[in-house]
Amino acid sequence: MVKYTQLDPIIHAPIRLSAMTVLHSMKDADFGYLKEVTGATDGNLSTHLSRLESAEYIKIVKHFEAKKPKTTCSITAKGRVAYQKYISVLEQYIKRSK
């Protein structure tokens, strides 16, 4: 019997997976860009990003730019490792399904 490694539930939610995928490929991304690519509402995205931040997978920085608030997110080293492990496990699932 083949045992399946559990996918990381922190990353597995679709919006969090989308955000982690974007952040894994970029130095950082602002809230507006993440909102656009995930298709999430402000509140929904904020909740998901807070969950990733609580797990120390991302870092959220809030600052002002031209007197307007701006939120920027970046993946942490811990988040990068977790994301790569998640993708590796997902690839194993796909390989076993063929």
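The values are calculated or read from the model by the stated rules, or taken from the named source; none is laboratory data. This is a predicted model, so every value here is computed, not measured. Using ideal geometry, Cβ is built from the backbone for each residue, glycine included, and neighbour counts are taken over all protein chains shown.
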Open item on the list: For region 43-64, give me each residue that is hydroxyl-bearing (Ser, Thr, Tyr) and either under 16 Å from residue 22 (Cβ atoms) or assigned to a strand (DSSP E or B) (or both).
Closed with: 46, 57
- [ ] Assess whether residue 4 counts as being in contact (Cβ under 8 Å) with a residue 60 or more places away in the chain, out of contact with any Cys (no Cβ under 7 Å at 6 or more places or on another chain) and of a type in the set (Phe, Trp, Tyr).
- [x] yes
TODO: Test each condition in (1) in contact with a Phe, Trp or Tyr (Cβ under 8 Å, 6 or more places away or on another chain); (2) in a helix (DSSP H, G or I); (3) loosely packed, with under 15 Cβ neighbours inside 10 Å for residue 32 and report the one that comes out false.
DONE: (1)
Task: Complete set of residues in region 65-88 that are among the hydroxyl-bearing types (Ser, Thr, Tyr), under 13 Å from the mean Cα position of the chain (by Cα) and part of a helix (DSSP H, G or I) - done: 83, 86
Open item on the list: Checking the conditions here, which among 11, 15, 58 is in contact with a Phe, Trp or Tyr (Cβ under 7 Å, 6 or more places away or on another chain) and modelled with pLDDT of 95 or more?
Closed with: 11
Open item on the list: Being at pLDDT 95 or above, surrounded by 13 or more Cβ atoms within 10 Å (Cβ to Cβ) and touching a Gly at 6+ places or on another chain (Cβ under 6 Å): is that true of residue 83 here?
Closed with: no
Task: Selection within region 49-65 - farther than 19 Å from residue 81 by Cα and surrounded by 14 or more Cβ atoms within 10 Å (Cβ to Cβ) - done: none
Task: Pair list, Cβ under 9 Å, 6 or more apart: region 60-79 residue closer than 10 Å to residue 31 by Cα, other residue polar (S, T, N, Q) and exposed (fewer than 14 other Cβ atoms within 10 Å of the Cβ) - done: 60/50
